[in-house]
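Reading through the structure tokens given below for one structure.
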Amino acid sequence: MNAVITANGLSKRYKNAVALDNVNFEIQPGRIVGLIGPNGAGKTTALKAILGLTDFQGRLDVLGMDPRSQRDKLMEQVCFIADVAVLPRWIRVREAIDFVANIHPRFNRAKCEAFLARTKLTAHQRVREMSKGMIVQLHLALVMAIDAKLLVLDEPTLGLDILYRRQFYQSLLEEYFDDNKTIIVTTHQVEEIEHILTDLMFIQDGKIVLNTDMEAMGDRFAEVMVNADKAPVARQLNPLDERQVFGKSIFLFDGVDQHRLAELGEVRRPSVSDLFVATMKGTYA
Amino acid sequence: MKTLYWLVKREFWEHRGGFLRAPAITAIAFLVIAIMTIAGGEIMGRHVGARFPLDDKNLGVPASGIMDPQTLQRVGTILDAILCGSALIVLAVMAIVVFFYCIGSLYDDRKDRSILFWESLPISNWKTVLSKVLSATVVAPVIATIIGVIFGLLLLALLIFTAIFHGFNVLHVLGAAHPIQVTVHIIALIPLYALCALPTIGWLMLCSACARSMPFLWALVIPLASNVIIWWLDLIGLAQFNAGWYFSHITARLLFGLRPANWLDFSHNMPGTATDSLDHVTTLDRLGLISNYASLGARDVWIGLIAGIAMLTAAIWVRRWRHDN
């Protein structure tokens, strides 16, 4: 199958900073990709480029289109939630549904209403009368009813409580996502999306520093809990990271034979957040 | 077409307060003032014992009840003028509303970031901008005209009621008024109004699309400051500019093009345009479509139109790439 997104030498420079530095990647259909990086690493710029909201250098192909010149057509296939609470404050639930239903050729009104029926939102309610979590529910209901090929989520759950966050990702996974759809998500709450991701991309200083699917990540990276006596041996294997817990050392290894590691202690798949912290060491130093 | 319709509808939803409520409240306020004035006058009159007999005899209506045509025409013109003036008041309020609407039109959604929602839908920028232009040139004036005419009719009804109360048989003169023609003409003049307002709309929306903050200030400061500089250059004799010409041809057209009857600037010296006189020219004549649309013969109208369209095109282009954080 053709890739949903292909980026070749994608670069974006602002006046005094490089947001994207000659980035290459490819995203296949039916994946849920986590784009993760520290603040200012270029995540949002990359997403903006994909959505045709910013100019860039290099080549970028989204669903066979150039987002700069074919944006209007592209947006029939692509949907995004750019930020929490960006719905216009004056709009009513009913108006929002009416509007999107008549503007978007791939909008399924029944689906949207069915989703909203399970929330406390009422047709007459205005966005300005809603809590942040309710706004996101409405936005999600609108977006999920659109049969888009690509969904881009940029920090969609920032500032929401855990109930809303859980519901958000659960709805996406259970009612929206399928093999024909692709989701790209950026968030700082890595722990919460870790189990739904199929692919992982780390971005740092405008460069992709890690691009792997979750299975390959489990093969490549390993976390080993080592007793103090074996710690020097472990250190010789060039661990990415070492931290101390309850008198034991936890080492993070990249590409070391897992049988060998098993001799040192209990081997686990590292969490995305631990891997992230280890990879980004020294970012803000 | 369907997208455009819904975009215009969205503008109306968002600006219901300005497009509908503001004119309606203006009309209601004026009606209340009129009622208060009439009632106050009646009561004060009673206090001092004065009577205002407005019966047929006092007003010079002959016993036959048939007035001579010239008098009838004068009365008709006054009645039409009341209707027309009422609409003008409401249209003036609308002009202020639309002025601020244009300034905010391409700025407010960037400021509250809701542009990110609109941009997530398959809507081209030119349609968005066009829907806002249509709201300013069609939706707002049509609503204001309708409200203005209803307001005028209610005001007339109030005056007639007062006259009847004082013993005047209104039926004599009612036939002299032309409420339907006046209404039709005012509505038919909206396209002309829109054409002449386009430079101002274009300028305000361009400022709205470009400004990173305070679009109102930019929209106001650039024409006014440039005018002052022109005037100053002229004053110190450094260059031969005509500040007065600059004001009427640039500054005023960028800022004041939304005022009601904005095309009169261009029909001043048009041949065949009537001068004020109740005897020869009725209100209906003043609203004559041919004489008013004749102002389209003025070159300045078309230059303004081209400038307006150019500024709107620039606004569409700027809109495409300006996504502030």
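Read-outs throughout are calculated quantities, based only on the coordinates presented, and are distinct from any laboratory measurement. Only a predicted model underlies this, so the values are computations on that prediction, with no experimental measurement involved. FYI the Cβ positions are ideal-geometry reconstructions off the backbone, even for glycines, and counts take in every protein chain you see.
Observations on the model:
- Tail weight of P(r) past 16 Å, computed on alpha-carbon pairs of segment A:216-279, percent: 34 percent
- Fraction of alpha-carbon pairs over 20 Å apart in segment A:158-285 - percent: 53 percent
- As a proxy for reagent exposure, ranking A:VAL143, B:VAL228 by other Cβ atoms within 10 Å from fewest up yields B:VAL228, A:VAL143.
- The residue list A:ALA101, A:GLY255, B:LEU287 was ranked by how far each Cα lies along the charge dipole of the protein assembly as shown toward its positive end, using unit charges on Cβ atoms, and B:LEU287 comes out on top.
- Scanning chain A for chymotrypsin sites (Phe, Trp or Tyr not before Pro) lying in DSSP loops with no more than 15 further Cβ atoms inside 10 Å, the longest uninterrupted stretch between such sites is A:1-245.
- Residue among B:ILE38, B:ILE146, B:ILE236 with the largest mean-square fluctuation in a Gaussian network model of chain B, springs linking Cα atoms under 10 Å: B:ILE236
- Computed P(r) (all Cα pairs; the protein assembly as shown; 20 Å bins; percent): 16, 36, 27, 14, 6, 1, 0
- Label-to-label distance, nm, for residues given as B:VAL48 and B:PHE256 (7 Å Cα→Cβ offset): 3.8 nm
- Principal axis box of chain B, alpha-carbon based, largest edge first, Å: 75, 51, 41
- Taking other Cβ atoms within 10 Å as a rough exposure proxy, B:LYS127, A:LYS207, A:LYS15 sort from fewest to most as A:LYS15, A:LYS207, B:LYS127.
- Shown is the FRET efficiency for B:LEU305 and B:ILE150, computed with R0 = 30 Å from the Cβ-Cβ distance and rounded to the nearest 0.05: 0.45.
- Across peptide A:159-170, the average count of Cβ atoms from other chains found within 10 Å of a residue's Cβ is 0.
- Note on A:SER273 and A:LYS15: their simple-model spin labels are 3.7 nm apart, each label 7 Å out from Cα toward Cβ.
- For A:LYS248, the lysines whose Cα comes closer than 27 Å to its Cα, not counting residues fewer than 8 places off in the same chain, are A:LYS230, A:LYS281.
- Dividing the Cα radius of gyration of segment A:5-205 by its Kirkwood radius returns 0.96 for Rg/Rh.
- Candidates per trypsin sites (Lys or Arg not before Pro) in segment A:90-199, loop by DSSP, up to 11 other Cβ within 10 Å: A:ARG118, A:LYS120
- Extension gain (nm, one decimal) between B:SER226 and B:TRP245, 0.36 nm per residue minus Cα-Cα: 5.6 nm
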